[in-house]
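Data first, discussion second: the structure below is written as structure tokens.
The values are calculated or read from the model by the stated rules, or taken from the named source; none is laboratory data. Only a predicted model underlies this, so the values are computations on that prediction, with no experimental measurement involved. All Cβ positions, even for glycine, are placed from backbone atoms using ideal geometry, and neighbour counts span all protein chains on display.
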Amino acid sequence: MEKNFIIAGFGGQGVLLAGEVLANAFMLDNKNVTWYPSYGAEMRGGTVNCEIVMNDSEDVSSVNKAETDFIVALNQASFDRFLPKVKKGGWMIANSSLVTEAKTRSDINYMFVPMTKLADDLGNTKMTNILSLGVLAKASGLTDPKLLENALDQVLPPHRKNLLPLNCKALKIGYEYDLSLARA
């Protein structure tokens, strides 16, 4: 079963790290994965996204598909840009701290979660990216939070290992968020 993901936001939100963690979690689960980062020349503050394609079989296809199963939009520009790419029946998971809750399509599922606010409540808004992975894991049912924690441990560079406990806490908060509140 192949599933496609896009994580998008602005430079500095940790979009590429989140995508790398998700891809590594799938690999730890013996899935085949393609991960592709995309960012503008301006980096911090500019548009950043990454695509992840996961498949149980070795026939994992390439990125840049016309339609995607799951999109995580961490800001308004990403929500607006990628909304048309959500497959019918797919999911738009948006950071309602920075995205206006608007449901302009009736053929997809929406989930609005105040990710930046939840990360701020944790004490560090830079954890929004990892918190979003917890929400995605819960909504999709395609990966386990423990695999994401293990992937975080593998992906974080040595000089950032001190942030692993806080990242794991953010992941847990995202995973334990009451998704019935996100579908309002």
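Pick from ALA94, ALA41: which is at pLDDT below 95 and either of a type in the set (Gly, Ala, Ser) or in a loop (DSSP other than H, G, I, E, B) (or both)?
ALA41
When you look at ILE93, is it in contact (Cβ under 8 Å) with a residue 40 or more places away in the chain, surrounded by 19 or more Cβ atoms within 10 Å (Cβ to Cβ) and in contact with a strand residue (DSSP E or B) (Cβ under 9 Å, 6 or more places away or on another chain), yes or no? Taking the combined requirement at face value, the residue satisfies it.
Residue check: is THR143 in a loop (DSSP other than H, G, I, E, B) and touching an Asp or Glu at 6+ places or on another chain (Cβ under 8 Å)? Criteria met by THR143. Can you tell me which of GLU176, GLU149 is in contact with a Cys (Cβ under 8 Å, 6 or more places away or on another chain), charged (D, E, K, R) and modelled with pLDDT of 95 or more? On inspection, the qualifying residue turns out to be GLU149. Looking only at residues of the range 127-143 that are over 19 Å from VAL53 (Cβ atoms) and in contact (Cβ under 8 Å) with a residue 60 or more places away in the chain, we find that the one that is surrounded by the fewest Cβ atoms within 10 Å (Cβ to Cβ) is VAL135. Taken as a whole, the range 69-84 holds at least one residue that is part of a helix (DSSP H, G or I), touching a Lys or Arg at 6+ places or on another chain (Cβ under 8 Å) and either on the phi > 0 side of the Ramachandran plot or at pLDDT 95 or above (or both). The residues listed here are LYS65, LYS161, LYS103; of these, the one that is free of Cβ contacts under 8 Å to residues at least 12 places away in the same chain, among the basic types (Lys, Arg) and part of a loop (DSSP other than H, G, I, E, B) is LYS103.
Residue count for the range 44-68, restricted to those that are modelled with pLDDT of 85 or more and either surrounded by fewer than 17 Cβ atoms within 10 Å (Cβ to Cβ) or not acidic (Asp, Glu) (or both): 11.
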